[in-house]
Amino acid sequence: MIKINASDFKARCLAILDNVRDTGERVVILKRGRPVAELSRVTGDGEQYAQTELEGTVIIVDDVVEPVLPEENWESLGQ
C-alpha cells in the first residue's frame, strides 16, 4: 500500500490512477499526515450486477430440485 500526501496526489493524479489500474496496489491519500481517502482498482468489468462475475463458476453435480433425503425420512410428514 502506498501512502501519499494530497498535494503530491494532486500533482501526479493521472499517473497514480494508471499505476493503480495496472498494478492493483492501493493508495492512501493523506492530508496533514492523516488518511482521508483510499484509492483502489475497480473490481469486475463494470457489469451492472456483481453476481455476473460468478457466471460459469458453479458446477451442478446432481438434480438441484430433488430432495436430498427420501420422503420416508421427512419428519414433517408425520407418518
Self-check item: Nitroxide proxy distance, nm - points 7 Å out along Cα→Cβ at Asp22 and Lys10
Solution: 2.6
Quiz item: What's the percent breakdown of Cα-Cα distances in the chain across 5 Å bins, shortest bin first?
Solution: 3, 12, 14, 11, 9, 8, 7, 6, 6, 5, 6, 6, 4, 3, 1, 0
Practice problem: Count the DSSP beta bridges whose two residues both fall in the chain, then state the antiparallel fraction as a percent rounded to the nearest 5. | Solution: 55
Exercise. Estimate the FRET efficiency between Ser40 and Glu72 by the formula 1/(1 + (r/R0)^6), using the beta-carbon distance for r and 35 Å for R0, to the nearest 0.05.
Key: 0.05
Exercise. Using a 1.4 Å probe and ignoring any ligands, DNA or RNA, find the accessible area of Lys3 and quote it in Å² to the nearest 10.
Key: 140
Quiz item: For the chain, what relative contact order do you get, as a whole percent, if you take Cα pairs closer than 8 Å and at least 6 residues apart?
Solution: 22
Quiz item: Relative to the longest principal Cα axis of the chain, at what angle does helix 6-23 sit, 0 to 90 degrees, rounded to 10?
Solution: 40
Quiz item: Among Leu69, Leu14, Leu30, which one moves the most in a GNM of the chain with springs linking Cα atoms closer than 10 Å?
Solution: Leu69
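The values are calculated or read from the model by the stated rules, or taken from the named source; none is laboratory data. Nothing here was measured: the structure is a model prediction, and the numbers come from that model. No Cβ is skipped: glycine too gets one built from the backbone with ideal geometry, and neighbour counts run over all protein chains shown. Surface areas here come from the heavy atoms of the whole protein model, side chains and all, with no ligands, DNA or RNA. Shrake-Rupley method; radii C 1.70, N 1.55, O 1.52, S 1.80 Å.
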